[in-house]
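For reference, the structure is listed below as structure tokens.
The values are calculated or read from the model by the stated rules, or taken from the named source; none is laboratory data. This structure is a prediction, so every number in the text was calculated from the model and none was measured. Cβ placement follows ideal geometry from the backbone for every residue including glycine, while neighbour counts extend to all protein chains displayed. Remember, those area values only see protein heavy atoms, side chains included, never the ligands or the DNA or RNA. Shrake-Rupley method; radii C 1.70, N 1.55, O 1.52, S 1.80 Å.
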Amino acid sequence: MCKNHCHDGHCHSHNHNHGHSHDHNHGHHNHNHDDKGGRIWSTLREFIPEAVTLVLLIIALMIDWGSYAALAYIVALLPVGAPILVSTFKEWMRGDIFNEFTLMVLASLGAFFIGEYPEGVAVLLFYSLGEKLEDVVSGDVKGQIRRLLGKLPKQAVVLRDGARVTMRPQEVEPGMLIAVKPGESVPLDGIVESDGEADFNTAAITGESLPRTYAKGDAIDSGIIPVDREVQIRVTNSWNDSSMTRIMQMIEDASSHRAPSETILRRITRWYTPVVFGAALLLFFVPWLVSLVNTSFIFEWEVWLRRSLVFLVCSCPCALIVSIPLTYFASIGIASKKGILFKGHDSLDALRKVNTVLLDKTGTVTTGEFHVRNIEMSGNFTAGQVLAIAAAVETGSPHPLAKAITAQAEADAVALPQAVDTVVVEHGMKSTVGGKEVIIGSRRLMEAEGIRFPADNAASTAIYVAVNGLPAGVIILSDTVKTGVSEAVSSLHKHGVSRVGILSGDTENAVKDAAESIGADTYKAELLPGDKQRIISECKSDSSVVAFAGDGVNDAPALAAADVGIAMGHVGTDIAIEAARVVMAGDDLRKISEGMDISARVRNVVWENVCFAFGVKLIVMVLGAFGIATLWAAVFADTGVTVITILWTLWRLKIWQLKR
């Protein structure tokens, strides 16, 4: 049942020539009933060899074959035994002698050798059956995830010169205009071009059940679905760089990043098999050696060989090798449906251990949508002049504060002077406007330049404007705390997080106000990206497990430094996503707690399966050593336990959520 065994650090893929062809159907989208029927028939067809062997085994049991009994059972064994023998020799040719194929073949041959023909057939029959069931279940879970997340149309309707041209999404280039009808998935990321507002089902990206409204000019992710009207979208990202493609790639790549507990259990399974195999040999040879020393002890080789075979069949750790990766993969799929995208099993494991959560402020705790609340003037400058100077310097900047200032200038119809020689400096910008030297930025920048502004106690974000080394004015901007952030902080505390803090480059008063409003335990203000990284490293040095949530380019160093970096917002923010290990689509910090719940459930399911699998095998081996457990019990301890752990995993994880 274990497709991927690792020995001495080398992993081999066991090609059984069965149980795999169903996978090719999972990558397609928009299946019709014929496709579904074809998948079912394709899956059932894979079990034909097992069905033939089962029928032949029943016939062999019902008829007295006399001296031809062995031949009858060999014929019954061939449909499932031949592919396993082929796989065994392939592994031997790769240099992998000690694998589960070898163990099962030896157990079957041993049963035939002592005349237990039905057991010899049953060992390979149920081994093959269990392995194919595992393939079907694993493949079905992967297929459900692909169908859930990958419901993208195979075609895109491109509007070109007044005509509608149908193209493959992979052929559509950024800048093209596409039309998406109600009920169809948006194939590529873009900007809404249609006038008015339109509601979209965003569940595939954010996990939210309520539609979200988008208006002209709003950025839009692929994978969401217009609800009530056709929408025209200007494509901004190619197929490979679009949101849904990136999400699918994250899910597919997640299994390459194993969790520490997963690695430990794999190490356990590597020594478990040789230890039990050695015990099987000892169980046979020790009584024989005892009989040589103590003539009163009669060595019955058939009895001890039968008992050794019980150990041999129990020596394969398939239940763990199958159920553990399935647990992680299925959990990552379920989390993705909720808008929580884990890049690896290791990040899923690490999230439940987090005891310190640090948050960026703008765009993470607050909406990041600033507006100018007030302008305080200095010297002979008017409010309009201060706004015009700042807007001239900030024009073209993507920073939220810059956008708010330029938007206010546009709304007030302020004429902007020309700014030249504009450069970005720490905490602000320098430029020349109308022949005068202009500096705009934070109070820290002004202090560094020796420019003294009056003290202020505003619990807001302030942009200071200085002209020719003298104060010109202060632009006061306000931001809004996002809905649900206070609830998210409270939930994190309930989940065992001892410290929730805010790290921000904003002013002391603005950050303090935000921290108090959401119930944060601590905050740090006026930080550079490198300062955030340093603070996170300091937190980690005192044995804290740190998660940092941020959404911007400047958060990348902090995201990379944290034990769990969490990128918030659109999955298209490239730098933040590359640096983070977890992506929370939909900007909802409450999803961190949901992710912790999923992580804790994974740990519980893994250890439940470990205890059950090892427990049953140990009981069967002990009973087998005393001659109580038969080969049939050993077959159950191998194949039966594997099937049970798979079913238990699916039930405990509520895998049917993927089909909703």
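By accessible area, using a 1.4 Å probe on protein heavy atoms only, the stretch 573-656 has 72% of its surface on carbon and sulfur.
Ranked from largest to smallest solvent-accessible area, with a 1.4 Å probe on the protein heavy atoms, Asp241, Asp199 come out as Asp241, Asp199. Among the listed pairs Lys154/Lys403; Lys494/Lys524; Lys512/Lys532; Lys403/Lys436; Lys512/Lys540, those with a Cα-Cα distance over 28 Å are Lys154/Lys403. Rounded to whole numbers, the Karplus 3J(HN,Hα) couplings from phi for the stretch 328-341 are 5, 5, 5, 5, 5, x, 5, 4, 5, 5, 8, x, 10, 10 Hz, using 6.51 cos²θ - 1.76 cosθ + 1.60 with θ = phi - 60°, and x at Gly and Pro.
Accessible-area rank, largest first, for Lys430, Lys512, Lys132: Lys512, Lys430, Lys132, with all protein chains present and a 1.4 angstrom probe. Taking all protein chains as shown and a probe of 1.4 angstrom, Ile463 keeps an accessible surface of around 20 Å².
Of the solvent-accessible surface of the stretch 494-556, computed with a 1.4 Å probe and all protein chains present, 45% belongs to carbon and sulfur.
Sorting the segments 354-364, 641-651, 69-79 by their residues' average number of neighbouring beta-carbon atoms within 10 angstrom, most packed first, yields 354-364, 641-651, 69-79. Net charge near Val511: determine it from the other residues with C-beta under 11 Å of the C-beta of Val511, scoring Lys and Arg +1 and Asp and Glu -1. Taking every other residue near Val511 into account, the sum is -4. Pairs exceeding 24 Å between alpha-carbon atoms, taken from Lys430/Lys482; Lys132/Lys353; Lys337/Lys654; Lys482/Lys654: Lys430/Lys482; Lys132/Lys353; Lys482/Lys654.
Loop-located GluC sites (Glu not before Pro) in the stretch 399-473 (DSSP state other than H, G, I, E, B) with a sparse environment of at most 13 neighbouring Cβ atoms within 10 Å: Glu426. What fraction of the Cα pairs in the stretch 413-455, stated in percent, has a spacing above 14 angstrom? For the stretch 413-455, the fraction of Cα-Cα distances above 14 Å is 53 percent.
Karplus-based coupling profile of the stretch 211-219, in residue order and whole Hz: x, 10, 8, 10, 10, 4, x, 6, 6, with θ = phi - 60° in 6.51 cos²θ - 1.76 cosθ + 1.60 and x standing for Gly or Pro.
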